[in-house]
Amino acid sequence: MTISEVVGSVRPLTARDLPEVYALLAADPVAHCFVASRVRVGGVDPWRLGGDMLGYFDDSGLRSVVYHGANLIPVGTTPASRAAFADRLRPHGRRCSSFVGPADEVLDLWRLLEPAWGPAREVRHQQPVMVLDGEPALVSDPLVRATTREDLDVLVPACVEMFTAEVGVSPVVGGAGAAYRARIAEIVQDRRSFARIDDDVVVFKAEVGAVAQGVCQVQGVWVDRAFRGRGLSESGMAAVVRLARSDIAPVVSLYVNDYNTAARKAYRAVGFREQGAFATVLF
């Protein structure tokens, strides 16, 4: 299927499209949390948004969106809109470092773009999305707290270690160390970084990476190797949920690799339930 075979067209979004964008994002606040958080701050202006927003329109108006920045994220796409987006994106080459979003949408869009943009470094086909909108089922670790700028010297190395283990590439390669530290400092400044730090050792940490529409998305959950197997991830996440629900948003979400059975078990023990699945394509 090509754009000439579908009833609809793709164009960059403008400020006058925002009411329809908000309505589309509101259809699934959990799945669309990241894109909604960017739109909430930057509208659809590429400079403020950190990427382009492309919309697929038919006679009924805006039907689907693709956010195209460091990540490529589909929102409410259909087979017809994915074909149209692929036709629009294919000739310009890949500039994103990953695709991420609802599994069926990501994997189908990647199928259409892989011949031109491939190969991927890794494809994670199934990443359960987990949600908790009430009190956690476990007692919180009382030593987990919001971090401060004074914690950055020990917090940033822990973030680098977690990111490298999860993604397979260090976030500070190529001279990106200062930019990465600044990003962590911004999260800390916004009181969206939580950790247990004992004697200058980050024992447990997690961040809230996105907030919008009453939902926050947790990322970067990590326990120091020397402290694993003690239940600290469960009590730490219980603390993060309580702090996040109190100060950030009433619904806490995250997504996890399907093969990470220990993490899924820990999140279920805290009270998270699975609600759909994401997929990620890494380059």
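The values are calculated or read from the model by the stated rules, or taken from the named source; none is laboratory data. Keep in mind that what you see is a predicted model, and the values were worked out from it rather than measured. Every residue, glycine as well, gets a Cβ built from its backbone with ideal geometry; the counts of neighbours run over all protein chains shown. Just the protein is used for accessible areas: all its heavy atoms, side chains included, with ligands, DNA and RNA removed. Shrake-Rupley method; radii C 1.70, N 1.55, O 1.52, S 1.80 Å.
Here is how the numbers come out for the structure above:
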quantity: Unmet requirement for ARG268, which otherwise passes all of (1) charged (D, E, K, R); (2) part of a helix (DSSP H, G or I); (3) under 18 Å from GLU161 (Cα atoms); calculated: (3)
quantity: Qualifying position, being at pLDDT 95 or above, open to solvent by 70 Å² or more (accessible area, probe 1.4 Å), touching a helix residue (DSSP H, G or I) at 6+ places or on another chain (Cβ under 7 Å) and closer than 23 Å to GLY231 by Cα, among VAL139, VAL144; calculated: VAL139
quantity: The range 32-87, subset assigned to a loop (DSSP other than H, G, I, E, B) and touching a Lys or Arg at 6+ places or on another chain (Cβ under 9 Å), residue surrounded by the fewest Cβ atoms within 10 Å (Cβ to Cβ); calculated: ALA70
quantity: Leading residue by the ranking (farthest from ASP247 (Cα to Cα)) among those in the range 88-133 that are open to solvent by 20 Å² or more (accessible area, probe 1.4 Å) and of a type in the set (Gly, Ala, Ser); calculated: ALA116
quantity: Within the range 126-147, tally of residues that are in contact with a Ser or Thr (Cβ under 8 Å, 6 or more places away or on another chain), over 26 Å from GLN275 (Cα atoms) and not in a loop (DSSP other than H, G, I, E, B); calculated: 1
quantity: Only one of VAL202, VAL252, VAL241 that is under 20 Å from ALA31 (Cβ atoms), touching a residue at least 40 places away in the same chain (Cβ under 8 Å), open to solvent by less than 60 Å² (accessible area, probe 1.4 Å) and in contact with a Lys or Arg (Cβ under 9 Å, 6 or more places away or on another chain); calculated: VAL252
quantity: Qualifying position, being surrounded by 16 or more Cβ atoms within 10 Å (Cβ to Cβ), among the small types (Gly, Ala, Ser) and touching a residue at least 40 places away in the same chain (Cβ under 8 Å), among GLY271, GLY168; calculated: GLY271
quantity: Residue within the range 152-167 that is outside any helix (DSSP H, G or I) and farther than 28 Å from LEU132 by Cβ present; calculated: no
quantity: Residues (touching a Leu at 6+ places or on another chain (Cβ under 9 Å), in a strand (DSSP E or B) and charged (D, E, K, R)) located in the range 199-235; calculated: LYS205
quantity: Selection count, the range 7-23, where residues are in a helix (DSSP H, G or I) and touching a strand residue (DSSP E or B) at 6+ places or on another chain (Cβ under 7 Å); calculated: 3
quantity: Flag if PRO29 is surrounded by fewer than 21 Cβ atoms within 10 Å (Cβ to Cβ), touching a strand residue (DSSP E or B) at 6+ places or on another chain (Cβ under 6 Å) and at pLDDT 95 or above; calculated: yes
quantity: The range 149-165 - residue that is open to solvent by 60 Å² or more (accessible area, probe 1.4 Å) and hydrophobic (A, V, I, L, M, F, W, C) and, of those, modelled with the highest pLDDT; calculated: PHE163
quantity: Candidate set from the range 205-236 (those that are at positive phi and out of contact with any Lys or Arg (no Cβ under 7 Å at 6 or more places or on another chain)); member that is surrounded by the most Cβ atoms within 10 Å (Cβ to Cβ); calculated: GLN213
